[in-house]
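The values are calculated or read from the model by the stated rules, or taken from the named source; none is laboratory data. On a predicted model such as this, the values are computed, not experimentally measured, just so you know. In this analysis, Cβ positions are derived from the backbone assuming ideal geometry, glycine residues included, and neighbour counts consider all displayed protein chains. Side chains are part of the model used for accessible areas, which takes the heavy atoms of the whole protein and leaves out ligands, DNA and RNA. Shrake-Rupley method; radii C 1.70, N 1.55, O 1.52, S 1.80 Å.
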Amino acid sequence: MDFEFATAARIIVGCGRVADLPGIVAGLGTRVLVCTGASPSRHDQLLAALRRPAAIFPVTGEPTVELARAGITAAREHAADVVAAIGGGSVIDTAKAIAMLLGNGGDPLDYLEVVGSGRPITRPAAPCLAVPTTAGTGAEVTANAVLASPDHGIKASLRSPLMIPRAAVIDPELTVSCPPRVTAASGLDALTQCLEPFVSVRANPLTDGLAREGLRRAAAGLRAAYADGGDLAARADMAICSLLGGIALANAKLGAVHGLAGVIGGTAHVPHGLACAALLAPVTEANVRALRSAQAGHPALDRYAEAARVITGNPSASIADGLAWIRETVTLLGVPRLAAFGIGPQDADDIAAKAARSSSMRGNPVPLDHSALLAILLQAI
Ligand SMILES: [Zn+2]
């Protein structure tokens, strides 16, 4: 037994708890930069309640190295000493990148894994507070910020436990207005982010408990939140699933779904959650096959069997039943195949080669060779 565990200092969960935000911000600093989505006016009331002076930095798409540079410039111009994020994973990751650069100086590429210099992050980030408005990424409690580097055709992370937001406010009411397409993509990402840490080579007793409960919440809430966005109980289940998945992945890593999805997201404009959703069943099937041929009775197979029982709600479910549930859910939620985003079989070789070097791949329960990764991609395309 050998593990470490870190998460946000304060995690505040409940309907209406977003009202706590101004007080928390006031306790962290005096000049706040607020990162929001493309329409900051959605949060007018909340922004008005924040202690002045506040500056707004809108994030209109998935973050890039360039966007992080623009963000740090905005933060320095405003002399910000605290960064708040109100939005989805892209907004929160941008805020975390800005807060890290405020604390450490330099350029995003100095610290970016894989394609950057990978310089270690040694100083605390500026205080960062995250308020998710989607239920999916768990970015409010993770230790990394994913940035796309279009020059390199890849997404990579800035990563350090020092980047975990100081506070996270999870208010399920904020996700009620999420359209079905976003609910599907973010919800399937949340499910994946509970399953991958649960079978990861880095799983530990703390992440196991969180991932198990996250899977149970996904089983209860995922289809229901998609069918009726106003179902607050289902929204609460998914908000908690996302939170638990975030803590689990930050402490137990992910696997091949995220290894491949990271490269795909850097290659084409595929929303992260939809890339994960399209890959989830093919990766699960390939992992189970590789585990069975590596070692009869491999412990990760017990994990997959347990996950199958939790997500199906059937105490005698097999791994095959769990896979069938995943496939049915992906279909029910209208997830397109990767070809819908312009990815074709001719891209598979390059994606597989790059994914093999990704950080997430190191959490996968069994090594997958190039031909296994190719087969997964061809199924998902
Ligand atoms: Zn994810």
Given a 1.4 Å probe, the accessible area of the stretch 1-72 per residue, as a whole number of Å², is 53 Å²
So for the stretch 272-365, using the alpha carbon gyration tensor with a ≥ b ≥ c as root eigenvalues (a/c under 1.5 gives rounded; past that, a/b versus b/c decides prolate or oblate), I'd call it oblate
Relative to the compact-globule estimate 2.2 N^0.38 Å (N residues), the Cα gyration radius of the stretch 54-118 stands at a ratio of 1.04
Taking Cα atoms only, helix 299-312 is inclined relative to the longest principal axis of the chain by an angle, in degrees rounded to 10, of 70 degrees
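Rank these residues by their accessible area, most exposed first, probe 1.4 Å: THR329, THR137, THR73, THR122.
Ranked list, largest accessible area first: THR122, THR73, THR137, THR329.
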The set of residues whose placed amide H lies less than 5 Å from the amide H of ALA85, leaving out same-chain residues fewer than 5 positions away, is CYS35, LEU129, ALA130, VAL131
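Tell me whether the stretch 220-279 comes out rounded, prolate or oblate; compute the Cα gyration tensor, take square roots of the eigenvalues as a ≥ b ≥ c, and use a/c under 1.5 as the rounded threshold.
Cα axes put the stretch 220-279 in the oblate bin.
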accessible surface per residue for the stretch 131-225, probe 1.4 Å, DNA/RNA/ligands not counted, whole Å² -> 30 Å²
When the charge dipole of the stretch 332-371 is computed with +1 at the Cβ of Lys and Arg and -1 at the Cβ of Asp and Glu, the Cα pointing farthest to the positive end, of ALA352, PRO365, GLY334, is that of PRO365
Rounded to the nearest 10 Å², the 1.4 Å probe accessible area of ASP302 is 100 Å²
Taking Cα atoms, the helix 65-77 axis meets the longest principal axis of the chain at an angle in degrees (rounded to 10) of 20 degrees
Counting only protein heavy atoms and leaving out ligands, DNA and RNA, the solvent-accessible surface of LEU206 at a 1.4 Å probe, in Å² to the nearest 10, equals 80 Å²
Rg/Rh of the chain (Cα atoms, Kirkwood Rh), to two decimals, equals 0.95
Computed about the Cα centre, the charge dipole of the stretch 137-194 from +1 Lys/Arg and -1 Asp/Glu charges at the Cβ has a magnitude in debye, to the nearest 20, of 160 debye
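Report in % the part of the accessible area of the stretch 303-360 that belongs to carbon and sulfur, leaving out ligands and nucleic acids; probe 1.4 Å. Mind dumping the intermediate values first?
Working: 1470 of 2790 Å².
Carbon-and-sulfur percentage of accessible area, whole number: 53.
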The size of the Cβ-based charge dipole (Lys, Arg +1; Asp, Glu -1) of the chain about the Cα centre, to the nearest 20 debye, is 400 debye
Only helices counted: for the chain, with every DSSP H run of 4 or more residues adding -39500 (n - 2.57) and the sum spread over all residues, [θ] at 222 nm is -16500 deg cm²/dmol
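What Kirkwood hydrodynamic radius do you get for the stretch 81-173 when you take the inverse of the mean 1/r over all pairs of distinct Cα atoms, in Å?
By the Kirkwood definition, the hydrodynamic radius is 13.1 Å.
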